[in-house]
Each structure stands twice: as C-alpha cells, then as structure tokens.
1. Measure out, as a whole number of angstrom, how far apart the alpha-carbon centroids of the range 114-144 and the range 68-108 sit.
2. Where is the GNM fluctuation largest for the chain (alpha-carbon springs, 10 angstrom cutoff): ARG95, ARG27, ARG85?
3. Which percentage, to the nearest 5, of the DSSP beta bridges contained in the chain is antiparallel?
4. Placing unit charges on C-beta atoms (Lys and Arg positive, Asp and Glu negative, everything else neutral), compute the dipole magnitude of the chain about its Cα centre in debye, rounded to 20.
5. Suppose the chain between GLU140 and SER63 were pulled fully straight at 0.36 nm per residue; how much longer would it get relative to their current alpha carbon spacing?
6. Given the peptides 29-37, 100-108, 135-143, 4-12, arrange them by the average over their residues of other C-beta atoms within 10 Å, most packed first.
7. Tell me which of ILE39, LEU56, TYR132 sits at the most positive position along the dipole axis of the chain, charges placed on C-beta atoms (Lys, Arg +1; Asp, Glu -1).
Amino acid sequence: MKLLGGERLFYADKMKKTNMYGWTQERTLVITDVNIYNIHKKEIKRAIAIKDVSALIKCVPPSKNTSEFTVQVQTSYDYRLISARRDEIMDLIKRLYIVKMNKNVPIFHVMSKDLEDYTTTEKDMKKGENRYPPREFRVESEDL
C-alpha cells in the first residue's frame, strides 16, 4: 500500500504476465483508480495509467484459452496477462476507464489459441509497429 501513495485500491492478485519472448512470469497485478501496476518483489516494474488503455482483448471460443487477455496501451507496449479471474479484471478496468474518460474502452474478441498476434511488444514499438486487432473483432455488446 505504501507503493500506491494516495490511490484507491480496487484489486490485487498474483497472476502471470507473458513477456516479449513468450515466457510467463509470476507478478502481482494491482489496479487502483489511477493505474494498473505490475509489481514484483515489492517493486513497481510498470505502471499503466487507466487513461492510457486503448483496448482490452481476450480469446473466445472456439479457442480453449479462457484465461488470457491483453491490455493495449496507446503510448507504449501492451500488457499480456493470464488469470482465472480474467473477466472480473477486464470488467473492473472497463468500469474505471468509463469513469475516468467518460467513454467505453474498446473490447475485442479473438478466436486464436493465444494473443501473441494481437499484443504489441517492446520490439514492435522500436520498429514502429502496432498489433491492433481488426475492427470486425470489436464487440460493442461489451460496452457499458
């Protein structure tokens, strides 16, 4: 809590993040009213402002992958996560986003085995590439 300053805590849990090499690493995901944090061993490794989230992407059937999702970030590389509580986390982020930005964050459903093709990595950013999903994958029924 000391790391968060005066921010209001909404969520904290262990989960796995997938790095740019496709390796998973255990991290603590913390979501406040201002930021999404990646914390490892009591150190903030990354903070993504809620206002900088540009989309949320998840795998849907026929994909058997029901725990992976990506937080797309407009100003940086994306954050690819794995959690059994994926839908709860995505719902919280979209609610915090609508309060902060007064509009819906776009939600995308993809039917692939994982989100590698739809997650912009640090390497992609250096090349000026973005892996934003096609418009037809946008699911407006997820809007609040």
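1. The range 114-144 and the range 68-108 have Cα centres spaced 12 Å from each other.
2. In the Gaussian network model the winner is ARG85.
3. Bridges in the chain are about 90 percent antiparallel.
4. I would put it at about 440 debye.
5. Taking GLU140 through SER63 to full extension adds about 25.7 nm, to one decimal.
6. Per-residue Cβ counts within 10 Å, averaged per peptide and sorted highest first, yield 29-37, 100-108, 4-12, 135-143.
7. ILE39
Since every read-out is calculated from the coordinates, none of them should be taken as a lab result. Remember, predicted model here, so these are calculated numbers, not experimental data. Quick reminder, even Gly has a Cβ in these numbers, built from the backbone with ideal geometry, and neighbours come from all protein chains shown.
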